[in-house]
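Asks: Dropping a structure here in structure tokens format, bear with me for questions.
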């Protein structure tokens, strides 16, 4: 009888080992996950990314200065915003001097489909919180609805609770795979991969902003019509109708008019806004791009010098 | 670790859980859910919102169906004690919720949507919330619970009961901690003795 009980205990050992592994992973990263008190109701999570630097989800941080931070050891610190990148839902903050917070261990590899992953947050002073799931899809680089470039699309099969956004996604050994966000992909649980966080953080620390190209246009996808496309010898009949030109913007200075239909950029056909946004990477600022537009029934080439997107308040 | 061992372990755990989980049904719609065999002499613990009438039908894992008398109910704790006439039951082992750490594996068994002995897996979400005396009161778990899970066991990776599944709050499964159940039963025993 006793032997049977012992055998039974032994059968459960793998579950206990897994459970120990998961709690260990949570404990390891929790030393670097802090709570920010920068919005009404519940505090939000943030990750100590470098010495004295924390990264959080932009949409959860409603103030810029004198933000109270609850550290992993329960102590209090202050932080202020260094810079924000709403397009990737990231904000970088600097902790006040002397705040004791160990930087997280960052995973350098890309997340893999099927990999166990834990979302670890700290939505207040009652200790860390965890939820378990898997990386459910990993895709190529993608552009968020706000125009941000994210190095790979990492979708999670994992429940979203209070404190998810701004928290860490960690692998089974507690290394950080990314910063979680619930707002970047229509409420799906996604993580901004570590490589993107690193790139955006470096830019924000250096310049206080993430530079992006800017034309100053509001556009809407339209069909030119098969007959017009044939007459103009266009390979396809789609384009972007210019609905608005911002005064004194790069597009304005280049002579783009309301009513123009942009059918190609840099010689490549333009179907939707993404095709044009692809031109607006930071390294294109100051360079020239050739737009081909349909204006009054004829094709016109319009060279535009890509500008830098103005910050709010500029 | 070979994945087979993990499979085998969770199957063993499910079987262990099945033996200490009971299905409770009342007359008509008057409550239906799960319960936990708390003592071998016929004490079943469930939620107050499951045990609504004066008596419930208690279905055991071995096919027996017994009549249970709802001995005590506490709406504020959402707990009920149901007594069946049996002395040979296999009682659930219990563990302190106090030692639970976020990320620890947990399992729930119950009758979600009437399906008997259905298993769910998840992890501890945060440290348990405490009562005014500093004892664990509620365990929050990242686990998917459905209505028929009410009153059933939430167990750790060793199959020990850490709480009675009671509600879902903002998507989180919430269980009344074992310590709170024991404290309630002790207070009842004192009240009876007095």
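The values are calculated or read from the model by the stated rules, or taken from the named source; none is laboratory data. Please read these numbers as outputs of a predicted model, since none were measured by experiment. So basically every Cβ, Gly included, is an ideal-geometry build from the backbone, and we count neighbours across all protein chains shown.
Asks: Out of the residues in the range B:148-159 that are within 27 Å of residue B:7 (Cβ to Cβ) and more than 10 Å from every other protein chain (Cβ to nearest Cβ), which is surrounded by the most Cβ atoms within 10 Å (Cβ to Cβ)?
Replies: Out of the qualifying residues, it is B:152.
Asks: Still on this model: Check residue A:87 against each of (1) within 30 Å of residue A:218 (Cα to Cα); (2) part of a strand (DSSP E or B) and name the one condition it does not meet.
Replies: (2)
Asks: Residue B:111 passes all but one of (1) more than 14 Å from every other protein chain (Cβ to nearest Cβ); (2) modelled with pLDDT of 95 or more; which number fails?
Replies: (2)
Asks: Would you check which residues across the range B:142-194 are in contact with a strand residue (DSSP E or B) (Cβ under 7 Å, 6 or more places away or on another chain), assigned to a loop (DSSP other than H, G, I, E, B) and within 26 Å of residue A:13 (Cα to Cα) and list them?
Replies: B:143, B:144, B:145, B:152, B:156, B:157, B:160
Asks: Between B:119, B:145, B:130, which is within 26 Å of residue A:25 (Cβ to Cβ), in contact (Cβ under 8 Å) with a residue 24 or more places away in the chain and surrounded by fewer than 19 Cβ atoms within 10 Å (Cβ to Cβ)? First the steps, then the outcome.
Replies: Values: B:145 fails: surrounded by fewer than 19 Cβ atoms within 10 Å (Cβ to Cβ); B:130 fails: in contact (Cβ under 8 Å) with a residue 24 or more places away in the chain.
Only one candidate qualifies: B:119.
Asks: Among the strands (runs of 3 or more DSSP E) confined wholly to the range B:34-104, which include 3 or more residues that are more than 18 Å from residue B:152 (Cβ to Cβ) and touching a strand residue (DSSP E or B) at 6+ places or on another chain (Cβ under 7 Å)?
Replies: B:65-74
Asks: When the residues of the range A:10-44 are narrowed to those that are in contact with a helix residue (DSSP H, G or I) (Cβ under 8 Å, 6 or more places away or on another chain) and surrounded by 23 or more Cβ atoms within 10 Å (Cβ to Cβ), which ends up farthest from the other protein chains (Cβ to nearest Cβ)?
Replies: A:38
Asks: For the range A:257-268, does any single residue satisfy the condition of being within 27 Å of the chain's Cα centre (by Cα) and surrounded by 16 or more Cβ atoms within 10 Å (Cβ to Cβ)?
Replies: Checking the range A:257-268: at least one residue is within 27 Å of the chain's Cα centre (by Cα) and surrounded by 16 or more Cβ atoms within 10 Å (Cβ to Cβ).
Asks: Among the residues of the range B:174-194, what is the count of those that are surrounded by 15 or more Cβ atoms within 10 Å (Cβ to Cβ) and more than 24 Å from residue B:140 (Cβ to Cβ)?
Replies: The number of residues fulfilling the criteria is 1.
Asks: Taking the range B:160-172, which residues are in contact with a helix residue (DSSP H, G or I) (Cβ under 6 Å, 6 or more places away or on another chain) and within 14 Å of another protein chain (Cβ to nearest Cβ)?
Replies: The answer is B:162, and nothing else.
Asks: Next up: Is the range A:239-250 home to any residue that is over 25 Å from the mean Cα position of the chain (by Cα), free of Cβ contacts under 8 Å to residues at least 60 places away in the same chain and in a helix (DSSP H, G or I)?
Replies: yes
Asks: For the range A:221-233, which positions are free of Cβ contacts under 8 Å to residues at least 60 places away in the same chain, closer than 15 Å to residue A:299 by Cβ and not in a helix (DSSP H, G or I)?
Replies: Passing the criteria: A:225, A:233.
Asks: Considering only the range A:118-129, I want to know if a residue exists there that is within 12 Å of chain B (Cβ to nearest Cβ), surrounded by fewer than 24 Cβ atoms within 10 Å (Cβ to Cβ) and at positive phi.
Replies: Checked the range A:118-129: at least one residue is within 12 Å of chain B (Cβ to nearest Cβ), surrounded by fewer than 24 Cβ atoms within 10 Å (Cβ to Cβ) and at positive phi.
Asks: While we're on this one: Which of the strands (runs of 3 or more DSSP E) found entirely inside the range A:123-194 contain at least 3 residues meeting this: out of contact with any helix residue (DSSP H, G or I) (no Cβ under 9 Å at 6 or more places or on another chain)?
Replies: Numbers: elements: A:129-139, A:153-157, A:168-170, A:176-181, A:190-193.
Of the strands (runs of 3 or more DSSP E) lying wholly inside the range A:123-194, those with at least 3 residues that are out of contact with any helix residue (DSSP H, G or I) (no Cβ under 9 Å at 6 or more places or on another chain) span A:129-139, A:153-157, A:190-193.
Asks: Return the residue satisfying two criteria in turn: it lies in the range B:24-40 and is at pLDDT 95 or above and surrounded by fewer than 24 Cβ atoms within 10 Å (Cβ to Cβ), and of such residues it is nearest to the other protein chains (Cβ to nearest Cβ).
Replies: Here the answer is B:40.
Asks: Next question, about the same structure. Take the conditions within 14 Å of chain B (Cβ to nearest Cβ), in a strand (DSSP E or B) and either under 30 Å from residue B:95 (Cβ atoms) or touching a strand residue (DSSP E or B) at 6+ places or on another chain (Cβ under 6 Å) (or both) and apply them to residue A:72. Does it pass?
Replies: It is false that residue A:72 is within 14 Å of chain B (Cβ to nearest Cβ), in a strand (DSSP E or B) and either under 30 Å from residue B:95 (Cβ atoms) or touching a strand residue (DSSP E or B) at 6+ places or on another chain (Cβ under 6 Å) (or both).
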